Amino acid sequence: MKVAPLRLTLWRVLFALIICGGLCGLYVRAMYGLGGATNLTDRFPWGLWKGFNVLTGIGLGAGGFTVAATVHIFNLKLYRPILRIALLTAFLGYSLMAVALMIDIGQPQRIWHPIVMWNEHSVLFEVAWCVMLYLTVLSLEFAPAVCERFGWRRALSAVRFITAPVVIFGVVLSTLHQSSLGTLFLIVPEKLYGLWYTPLLPVLFFLSAVCAGLAMVMFACRQSRQAFGRQIPAPLMEGVAWALAVMLVIYQAVRFADLIQRRALHLLSQNRMETWLFGLETALLTAPLLVLLAERNRANREARYLCSLMVLFGFVANRLNVSITGLEASQATHYIPKWPEVMITFSLISIGFAAFRAAALHLPLFVEPVHAEEPEAVAV
Amino acid sequence: MSVAILYDSTKCIGCRECEKACAARWKLPYNDSVAAEEQISAHKLTSIQTHGEHYSRRLCMNCIDPTCASVCPVGAFTKTALGPVVYDQDKCIGCRYCMLACPFQVPTYQWTSRLPIVRKCDMCYERVSQGKPTACAEACPTGATTFGEREQLIAEARRRISEKPQDYYQRIYGVEEAGGTSVLFLSAVPFGQLGIPTNLPKTPLPMLTWRVLSRTPDIASVAGVLLGGVYWITHRREKVAAEEGRKGERK
C-alpha cells in the first residue's frame, strides 16, 4: 500500500472527527431511539435520513445504469473508460443508502420483511424490491473489476457471459425505482406544496436522477483525476457534459410545461420560503444547462467541474424540497435536523469518499483504455 | 355490513370519558397531564380537543380504503370486513410511510422506544368482533359518540341534521372524504373550525399511487423488450461490420 502524501493528513483528521461524531450519533440513536437522535415528530415523520441519504443516495447512483446502458446496450465504446467509475459511485450510493435506511427505520432487524411480506399496492414495497435486486445487479456489473484484480478468470468469463441480460435488467429496475421514489409522494396531494406536487413526479424524479447520475460521474472522474492523476480522454468527458446539458433541457422543459399546464406558475409570485427554495433549485439546475450548451465551455475542464457541482447541489435541493421543506407549511412545523442526524449523514458521505478512494487505489477502475477493446468486442 | 362510529360534536360536553376508556382498553396510563394533551400520540390514541366553544374528537377514521394499508411496504395494516383498520405490530419495520401518508395524521410513533411500533386506534377490533361497541362509545355519557352499523349511523346523522337544522352544519364528515371513512362527524360549525382536514379529495388516496404502480409490469416488459432490441441492433451492426472487414471505420 502506498504511503499517503503528507497534505492528506488534514483530510484524515477531518475524516476521523466526522466519523467520531457519527459514532456518537449512532450511540444516541441506539440508546435513546429515534426521539433522542432526531427531531422527527408524529407530524413530521420523515427527515434528513430519508430525504437526503435515501432519496439523494439512490439518485446520485443513477450514473451507474445510465453509463452501463450507454456502453453495453447502445454499444458506445467511447464511454467504456468511465463505466467502472460510474458503477462504483452507484454501488457506493446504494450501499450507503441501505446503511442509512437501517439507521432510520425503527425495527432494523426486520429489514428483510418486504421479501416475504408482500403488499403490491405499496410504492415503497416496489422500491424495496427494485433496490434489493439492483444492488445485486450492480455487484454483478462491477464484479469484473474485482475478478481482474484477483485473477479469477473463470468467474470473469462467467460474469462477462451474462452481462447483456444483467445490464438490461438493471436499466429496467433503475427506471422503475428512480421514478417510484417520486411516486412515493403522490400520496400526499394535500400536504406537499403546489410547486412540487404534480402527477408527473415519477417522470421528473427519473429525469432529474439521470442528470444527477451524470453529474456524479463527472464529479467522480474529476476527483479521481486529481487524486490519482488518471487521465480520462477529453472527448469522452465532453460527451458526458453534452448528455448532461441535453437531459437538463428535457428536465426543465417537462417541469415548466407541467407548472404551466397545472396553472401553478402564479405560486412563484408569492413571497414565501417555498418560492425562494424553488428558485434556488431552478437556478442550480438551469445555469449549468446554459453553460454546457456552449461547445467552448464543454471543452473547459473547470467549467465542467463547476457545472457538475451545481447540478449535484440543485438535485439535493430538489429532493430535500420534495421530502422536507415542501411539506413543512401544511404540517405547520419547522424541521431542523438534530446533530446525530447531521453527523451520521456526514459520516456516511465521508465513508463514501474514503471507500471510493480505496477502491480507486486497489481495483482496476481505469485500466480499460479505448484501444484495448477490439478483441473483446467480438467476443461479447 | 360494516360498523362505524358517529361523533356528534354538538352533544359532546368534553368530559373525556372516551379518552379514559380508550386508555384502559390499551392499558395505557391516564392522568391529568395525559388528559391535558390535545394531540393524539402513541400513549393517547383518542383525544378531545377544544376549538373555541366547540369540542372535537381525534381518533383513527378507519377509512373505507385506508391510505396506511396501501402504503405499508409489508402490509402491516388491514381493512377488516367488519370495518376497523387493524395493525400488525409484528410485521412493521418502522419506515413510518403510513405516518407521512395518512391524510388524518393518525398513526403515531413510540419515539422514545428502542424498538418502537406504530400506535393507532383500531376501533376496538377485538370488542367489536365479539359484538360489543367500542370502549369510547360505551363510556360516552351523552351519546356524542355512538357505535353502530355505518349505513344506519349515516341515516341517523341525516335525521339529526334535518330535524334540527339550526343546530348543525349541513354536512356529515366522513361519508365521502378520502373515499369515505368508518368514523363520521357531525358539527355545529364548518369542519375546518374543528381542526379536521377539509381539503381532501373524494376519491381514495391510494388511487393516486396505484394508477402509476399498476403500470409497473407494462413499463418493465416494454422497457426490457426495447432495450433488448437496441442491444441486438447495435451489436449486430458491429458484427456485420466486422465480417465485412470494415471494422476500422467503426468506433
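What follows draws every value from the coordinates through simple rules; no lab data is involved. Computed from a prediction, not measured in an experiment: that's the story for all the values here. Counting neighbours? That spans all protein chains shown, and the Cβs are built from the backbone with ideal geometry, glycine included.
Under the combined filter of DSSP loop state and at most 10 neighbouring Cβ atoms within 10 Å, segment B:1-98 retains these GluC sites (Glu not before Pro): B:E53. Helices in chain A, meaning DSSP H runs of at least 4 residues, each add -39500 (n - 2.57). Divided by all residues, the mean residue ellipticity at 222 nm is -23000 deg cm²/dmol. Take the Cβ atoms of A:T9 and B:R114, set R0 to 51 Å, and the FRET efficiency comes out at 0.85. My understanding is that a pair violates if its Cα-Cα distance is over 22 Å; which of A:K50/B:K91; A:K191/B:K120; B:K132/B:K164; B:K91/B:K132; B:K11/B:K79 do that in this structure? Listed pairs above 22 Å: B:K132/B:K164; B:K91/B:K132; B:K11/B:K79. Charge tally around A:I351: other residues with Cβ under 15 Å, Lys/Arg +1 each, Asp/Glu -1 each, net +2.
Scan chain A and note any complete DSSP helix (H) whose C-alpha atoms cover at least 15 Å along its axis and whose Kyte-Doolittle average is -1.0 or more. Before the final figure, lay out each step's value.
Numbers: long enough: A:9-37 (35 Å, 1.37); A:83-104 (31 Å, 1.75); A:123-150 (39 Å, 1.44); A:163-183 (29 Å, 1.13); A:201-228 (39 Å, 1.33); A:234-261 (40 Å, 1.27); A:273-292 (29 Å, 1.35); A:301-320 (29 Å, 0.71); A:339-362 (34 Å, 1.18).
Span-like helices here: A:9-37, A:83-104, A:123-150, A:163-183, A:201-228, A:234-261, A:273-292, A:301-320, A:339-362.
Derived scalar couplings between HN and Hα for segment A:68-80 equal 4, 5, 4, 6, 7, 8, 7, 6, 8, 6, 3, 8, 4 Hz in order, rounded to whole Hz, by the Karplus curve 6.51 cos²θ - 1.76 cosθ + 1.60 (θ = phi - 60°), x for Gly and Pro. By the Cβ-Cβ criterion of under 4.7 Å, the unpaired cysteines of chain B are B:C12, B:C15, B:C22, B:C63, B:C72, B:C92, B:C95, B:C102, B:C124, B:C140. Within the listed set B:G224, B:G131, B:G180, the residue fluctuating most in the Gaussian network model of chain B (springs between alpha-carbon atoms under 10 angstrom) is B:G224. The trypsin sites (Lys or Arg not before Pro) of segment A:247-338 meeting both criteria, a DSSP state outside H, G, I, E and B (loop) and at most 10 other C-beta atoms within 10 angstrom of the site's C-beta, are A:R263.
Say R0 is 25 Å: what FRET efficiency, to the nearest 0.05, do B:V225 and A:L133 get from their beta-carbon distance? Walk me through the numbers on the way to the answer.
Numbers: r = 19 Å, r/R0 = 0.74.
Taking R0 as 25 Å, the efficiency between B:V225 and A:L133 is 0.85.
Relative to one another, the C-alpha centroids of segment A:269-314 and segment B:194-229 are positioned 31 Å apart. Taking 60 Å as R0, compute the FRET efficiency from the Cβ-Cβ separation of A:T333 and B:V240 and round it to 0.05. The value I calculate is 0.45. Loop-located chymotrypsin sites (Phe, Trp or Tyr not before Pro) across segment A:155-188 with a Cβ neighbour count of 13 or fewer within 10 Å are lacking, with loop assigned by DSSP.
Taking amide H atoms as placed 1.01 Å from N in the peptide plane, the amide H of B:A188 lies under 5 Å from those of B:T10, B:Y169, each 5 or more residues away in sequence or on another chain.
What is the sum of charges, Lys and Arg at +1 and Asp and Glu at -1, for the other residues whose Cβ falls under 13 Å from the Cβ of A:R296?
0
If only the Cβ of Lys and Arg carry +1 and only the Cβ of Asp and Glu carry -1, the dipole of the protein assembly as shown around its Cα centre is close to 1460 debye.
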